[in-house]
Structures are given as C-alpha cells and as structure tokens.
Amino acid sequence: MGTPSDGNGKQRQREAYHAEDPASGPLTTDQGVDVDHTDDSLTVGERGPTLMEDFHFREKLTHFDHERIPERVVHARGAGAYGYFEPYESCAEFTRAAFLQDPSVRTPVFVRFSTVQGPRGSADTVRDVRGFATKFYTSEGNYDLVGNNFPVFFIQDGIKFPDFVHAVKPEPHNDIPTGASAHDTLWDFVSLQPETLHAIMWLMSDRAIPRSYRMMQGFGVHTFRFVNAEGRGTFVKFHWKPKLGAHSLVWDEAQECQGRDPDFNRRDLWLAIEAGEYPEWELGVQLVPEEDEFAFDFDLLDATKIIPEEQVPVRPIGRMVLDRNPENFFAETEQVAFHTANVVPGIDFTNDPLLQARNFSYLDTQLIRLGGPNFAQIPVNRPVAPVRTNHRDGYHQGAIHRGTNYFPNSLGGGCPAHVGAGGSAFTHYTERVDGATIRRRSPSFQDHYSQAALFWHSMSGWEQQHIVAAFRFELGKVDARAVRARTVEQLARVNGELAAQVARGVGVPEPSAEQAAQVKQVSPALSLQSLRGDGSIRTRQIAVLVADGVDAGQLGSVRETLAAEGAVVEALAATEEPVTGTDGQSYTVDRSLPTVASVLYDAVLLPGGPTGTPAVTGDPDAVRFVRSAYRHGKPIGALGSGVGILSALEPEGLRLSTEFHHMISDRGVVTDTAPGAAHTDFVRAFVAAIAAHRHWGRPPLRC
Ligand code: HDD
C-alpha cells in the first residue's frame, strides 16, 4: 500500500503501530517513558489527596475520556471482515475497471455489514435493512460499493433522507424505540410518503431479519454506469448472491434472540471466519444498453425500483470471499469510511437523485466522525494504489510531506503531474444534459404501487403470511389510530387482501380495494424460496440434546454425518458434566441448557436411549427448546425414545414414526423409532431438512 507521502511510509506506519501494541513490551506513557505502576495514583500519604504532578494518571484518564468518536448517524452498528474479489472473466466489453479484467488478479476487499436504525450497542436481529458496504482496494484506487440487502430504497431524492431518518430513528422526546421501526413517527412518514411503500414491503418481509450476514443478498441499489475503454456507457445494477443461500429468521425468534445473544449476526460472521468457513458471494450485474434507457415502465434513475431479473437476467462476473477478521474493532470496523463517490475508471454515476445526494453526504459525514480531512490515511481506508496529492496539513496528518504543494509548479519538477489524456486517469462520462433549473420530481418517478404489488405477488404463501404479521405487529405498536388507518389505505393500493388482513389485525376499517395495482407477471427471483444457494448445510448449528443413557450408536452415527457435511454440532445437557452413553463411555457436553436456547441453533436432534435426551426426563429447558424449535419451523430429528418427547407435545396431524412405520419425514420433523444405530435414510432426510432451512405449515402443538 502507498501513503499520501511516499512508498516507504506504509512500512513505517506499520512499525509504529506495532510499537504501540501494549502486548509487545513494557508499559509506557504516550511519550515512551516506561511506567512501573498503573494501579494507584500518586497521593500525599496513603489516604491523602491525588497530586496534579501524576502525569501518568492525567494522561491515562485524558486519553480514556476521549476514546469515543461520534457513531454513524445511520448504520452505527456493524461488523466487518477482509477478503478478496476475483472476476470470472474479463468484463472489458463493458467496463475498463482494472479489477474486472483479469481472473488471475485478486483484489483485496473490506466489507462492513450493519443495521441502520439502532445505535452501536443495539441488538443484531432487529427488523431493519442491513448495510452491505464493500471497499475494493484496486490497483487504480479504492472503489466503494455501498449497498444494502434490499435492492430498493425508501425515498427517491436524497433531500428527503434527513426526514426519513428522523422518522425511523427513536422519537426525539424519549429516545424510544431502540433498533425498531415499530413506532408512530416512522409510520406517520410512510403513510404520507407512498414512495416508501416498495422498500417497506421488503422491510416487513423476512429479508429484514437475516439468519446471518453470510446468508443474505446485497445490492448496489442504484443504476450505475459501466464505461469501457472506448468510452461507451452501459447501465448496470450490482447484485451480491451468497453461496450458502439467503435465509432468514422468524420474527418471534428474532425478538428472543435480541436478548439471548444481541451479537448473534456479528458473532456468526466472526466465528465462521475463525473456523475457516469463509463466506462467499457471487457478484452479478444486470446490464442495460444506454439506448434502452426508456424501455421500462419505470425510471432507471428511481432507486425505489428494481429491474426484475426475469426481464434483465443477472450475469455473474466474479466472486468475493471474506477470509480474515479484523484485529481491532475500533481501528478497522469503526474507522472504515465508505463513500459512494469512491469510484475507479470504468465505473461512473447516473443522475439518480438519491445517488447524487449520497455523493455529497458520505465525505461530509466522515469529516466530523473521523475528526478531519485525513481519514484516508487510516490504515483500513488507505488505497493500495500510490497516493500523490497537494492536500496538506489538517487534523491527524500522519504524512511528512516534502517538496512543493501546488500545481502547476516548476520547483518540484512539476510533480505530482497530470497523467496524459486517455491514460489511466478517471475521466467523467460525457453526458449531455439540458434543462431549466427546477425543484420538481419527474413524472416518471410517480408510480409508487406497481412494484410494491409485484413484490407482494411474487412471495410464497408463508412469506405473505409473515408480511401480514409484520404489518400487524408494527402498526399495532402505533398509538395514533389515524396513522394506522392511513397506512392501511396505502396498502389497499398495493393489494386488497393484504390491506384487509392488516386492517383486521390492527382494528381499523377495511379500505376499498378498488385502486389496487395490477400485476401482469410475478418475479420468482424475489422469493427467498428461489435463493437456496449451494444446498449444503455447512456451518449450520445443530443442537443435540443428550442425557445419561443416550444411545451411543445413534449419537455417533448422526454426529459424524452432520460434521462431515460441515455442520457445527453441539451436545447440550442439563449441566456441563459429561454424560454416560449406553456403551458405558462418557461423552462431552458442549454447553448446559440454561446458557443457551433454541433460537441460537438451526436444528435440533433428539437421540434415543432409555433416558437419552433431557427432554425425555421432563427437563423444562429441554422441553421449551424443542417446542420453540418446532414453532420456528426448524428441522427436528428424533430417534427412538427421542420421538416420545415430540408425541407428548401432540402436534395434531403431524406424522411421526411408530413401531409400525420407521423413518417418517413430515414438514421438517424427521423421526425414526427403529432400534439400533441411525439409519441412512433418517440421516439423509434430516440433512435435507436442515438444508431446506425452515418448514412451514406445521400444525400447532397442543401441549
Ligand atoms: Fe447511506 C452510511 C447504504 C442512502 C447517507 N449508507 C451507509 C452505510 C451503508 C449505506 C451500507 C454504512 C457504511 C459503513 O458501513 O460505514 N445508504 C445506503 C444505501 C442507500 C443509502 C444502499 C440508498 C440506496 N445514505 C443514503 C442517502 C444518504 C445517506 C440518500 C444521504 C443523502 N449513509 C449516509 C451517511 C452514512 C451512511 C450519513 C452514515 C455513516 C456514513 O455514511 O459513513 O452519510
């Protein structure tokens, strides 16, 4: 990597950083003076006043007092990781961007995932958009793709951003609610600003509660422009598709998870990378020739619209792998500074008014957040490309600049000089724009309902049910009845049945559905059902509930297969004492039931044996565990006596294995009462159930 001053600076900076690492030598002051004692301040006598001359005390406290910087006004809570991007083939036909030319070139990246509404200390599994921001350290300079896990945004023009953010953030009089959109001001805004509706449909869907950052899509949202070496432009939309598929939580589970493990998504990312299970996404692009700019029934410059994948297919162009956790959260994840205007030759903007506003806002915000104009010198923000500017001085200037600081100059040998025209320089795309100064939204931006309806109609039955439940939950938390009613009236313009169901749930009149948007075709690509990924169960967390008397043969066979498939299997028991199996051997317990909960796992296995699982002996934690997994649609495997606990819960109508019927798999509940080790067909069915993630349409439990 280069530095603003010279090529050796980076190395020096690194050395300095490590010299400051307290682990690598004796404790010193900021001035490098060794310290012999940091536990007691300097006082007059053992019980007397503290002395001003204790410079070590004063320095320590002063530094501590200034440890916090302003958190991001949005996307304050996040988690990041390093990795690399590599293209599948050259994209030279469409873009000259160097990092998209050669499949043998790996470009380093840093990615930060985030929630939007909550502060730094809020929980991970809130209902919210997730940020998906990628910094590519390319050979031509840094390129930032600052996207989200939704392909659309809530507003069309960035001048509305402060209004939208004020509305969704905690209310100003009491700073409530934290990390939630279920409150009056957001829904007041939504009910008055129908352009929000499409993104609101996404927010009410399960996309807003991802199971893992590793299992969610990312989108650049805006229409950007690729520019090739001949200067020809092509409109482009960016898509990240996770290799593991896109999977979500259910709302009840997400809420419990906020208490059980507020760091659920952050921990998941960290642990997967530590375990060498590197998350991977495929980068895809939708390309639209410039001459087709007006070929759609929406405006390509409108960030509240998608181009349905069935209309313009997503073309895979490369893959990104995250393979390294940061070493210091503050230095890297907190101080990383993304900016939509960080582009490289070959990638350019369009006149999307939301994007234009962002191109102002991101630089502006870093100036205060990171304390001045030199934040690009912070290691995580530094380009690998050499940096030579005439920018000087300012807070936190780390470079020792030499020579002249203006252009043109002769005294500095004319350096830094311009590169010649047509060379490696970024050249803004030449676009002719005519028009009178005007403060008015284009009529082509006015249809706010068609794509919200497209989304609704493209959902599977269970996804629609979850959306209705989410609207009922959110509006049910809104005190102002008029706001509830107005929102439902807006929903009636999306879909009559949706509006009616929500209206019934929140006790407002059912509006007429006459005005509902017509949908000519659906987009199956929008449903989570179409995003199953590679179908593997790698990194899924499987709980095995064990107790003394567990059938050792069954435990061993299923455990082995699950582990061989890449799943993470944990044995849970009433306490962390090892349990004794039917073979007389002792088996390790990974965690005790009171310290965990079903919401922290993807599936549960109940092995057999006379008293093989704690659920059989009526352990209330175990019974709650199984009940909760069942309600959340999670795969449950039960063998021998383990099946008994399921029958005791009386899922009326669900088919379970009996002595006459061996392995039975019904809506993700896989049971087998056959004696002996787990049979291959049981293991296969259980693995398939885990790969499918969740199972809907289960009958309720009677007990
Ligand atoms: Fe933004 C942060 C994504 C619209 C102004 N935004 C931020 C982050 C992401 C996004 C992922 C966190 C970056 C990080 O991890 O540090 N924002 C989006 C997307 C948008 C969008 C996908 C619409 C397509 N944003 C948007 C608008 C504005 C901003 C319209 C202002 C006009 N966003 C900001 C910001 C933030 C930010 C205030 C807060 C912290 C930061 O920039 O670095 O400038």
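Please work out whether segment 541-691 counts as rounded, prolate or oblate from its C-alpha gyration tensor, where a ≥ b ≥ c are the square roots of the eigenvalues and a/c under 1.5 means rounded, while otherwise a/b larger than b/c means prolate and anything else oblate?
Because its axes are fairly even, with a/c under 1.5, segment 541-691 counts as rounded.
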Rounded, prolate or oblate: which fits the chain when a ≥ b ≥ c are the square roots of the eigenvalues of the alpha-carbon gyration tensor, with rounded for a/c under 1.5 and prolate only if a/b beats b/c? oblate
Calculate, for the chain, the solvent-accessible area per residue in square angstrom, rolling a 1.4 angstrom probe over the heavy atoms of the protein chains. 45 Å²
Quote the FRET efficiency, to the nearest 0.05, computed for Asp163 versus Val433 with a Förster distance R0 of 25 Å and r equal to the Cβ-Cβ distance. 0.40
Full extension from Thr595 to Glu570: what is 0.36 nm times the residue separation minus their Cα-Cα distance, to one decimal in nm? 7.7 nm
Can you sort His166, His662 by 1.4 Å-probe accessible area, starting with the largest? His166, His662
Positive-end residue of Ala480, Met459, Ser530, charge dipole of segment 448-530 with Cβ unit charges: Ala480
Taking R0 as 25 Å, what's the FRET efficiency between His401 and Leu367 from their Cβ-Cβ distance, rounded to 0.05? 0.80
Could you give the length gained by full extension between Leu411 and Asp297, i.e. 0.36 nm per residue of separation minus their alpha carbon distance, to one decimal place? 35.2 nm
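On a 1.4 Å probe surface of the protein chains, which of Asp548, Asp184, Asp590 comes out largest in accessible area, and what is the full order?
Reading off the accessible areas and sorting them downward yields Asp548, Asp590, Asp184.
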Considering only protein heavy atoms, with the full assembly of protein chains and a 1.4 angstrom probe, order Tyr429, Tyr630 by accessible area, largest first. Tyr429, Tyr630
Given R₀ = 51 Å, FRET efficiency for Ala229-Asp54 by Cβ-Cβ distance, to 0.05? 0.20
Classify segment 172-251 from the C-alpha gyration tensor, please: rounded if a/c falls under 1.5, else prolate or oblate depending on whether a/b exceeds b/c. oblate
If I ignore ligands, DNA and RNA and count only protein heavy atoms, how much of Arg486 is accessible to a 1.4 Å probe, in Å² to the nearest 10? 70 Å²
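I'm a student and want to see the number: the projected area of the Cα convex hull of segment 78-381, averaged over all directions, in nm².
15.8 nm²
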Total Lys pairs in the chain closer than 22 Å by alpha-carbon, pairs eight or more apart in sequence or interchain only? 11
Can you work out the Karplus-derived ³J(HN,Hα) for every residue in segment 234-241? Use 6.51 cos²θ - 1.76 cosθ + 1.60 with θ = phi - 60°, whole Hz, and x for glycine or proline. 9, 5, 9, 10, 9, 10, 9, 10
Under 5 Å from the placed amide H of Thr28, counting only residues 5+ away or on other chains, we find Val35
0 to 90° range, to nearest 10: angle between helix 496-506 axis and the chain longest Cα axis: 80 degrees
Describe numerically, in nm with one decimal, the distance between label points set 7 Å from Cα along Cα→Cβ at Asp323 and at Leu649. 4.1 nm
Would you work out which of Ala357, Thr404, Ala376 lies farthest towards the positive end of the dipole of segment 263-422, given +1 charges on the beta-carbon of Lys and Arg and -1 on that of Asp and Glu, about the Cα centre? Thr404
Enter the angle in degrees (range 0 to 90, nearest 10) between the Cα long axis of helix 461-476 and the first principal axis of the Cα atoms of the chain, meaning the one along which they spread out most. 70 degrees
For the residue pair His679 and Gln446, what label-to-label distance in nm results when each label sits 7 Å from Cα along the Cα-to-beta-carbon direction? 6.6 nm
Pair Ala182, Glu497: separation of 7 Å Cα→Cβ label points (nm): 2.5 nm
Rounded to the nearest 10 Å², the accessible area of His63 using a 1.4 Å probe with every protein chain kept is 110 Å²
Here the relative contact order (percent) of segment 592-657, from C-alpha pairs under 8 Å and at least 6 apart, is 39 percent
C-alpha long axis of helix 552-564 to longest principal axis of the chain, angle in °: 20 degrees
With every protein chain left in place, what is the accessible area of Asp479 in Å² (1.4 Å probe, nearest 10)? 130 Å²
Of the accessible area of segment 541-691, with the probe set at 1.4 angstrom, what percent is carbon plus sulfur? 51 percent
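If the chain between Val44 and Glu659 were fully stretched, how many nm would it gain, using 0.36 nm times the residue separation less the Cα-Cα distance?
Full extension from Val44 to Glu659 adds 213.1 nm.
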Using the Cα centre of the chain as the reference point, and only Cβ charges (+1 on K/R, -1 on D/E), how large is the resulting charge dipole? Debye, rounded to the nearest 20. 1320 debye
10 Å beta-carbon shell around Thr582, net charge (K/R +1, D/E -1): -3
Segment 448-530 - convex hull of the alpha-carbon atoms, volume per residue in Å³: 82 Å³
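The values are calculated or read from the model by the stated rules, or taken from the named source; none is laboratory data. The structure displayed is predicted, hence computed values, not measured ones. Note that we place each Cβ from the backbone using ideal geometry, even for glycine, and neighbour counts take in every protein chain shown. Ligands, DNA and RNA are excluded from the accessible area calculation, which covers all protein heavy atoms including side chains. Shrake-Rupley method; radii C 1.70, N 1.55, O 1.52, S 1.80 Å.
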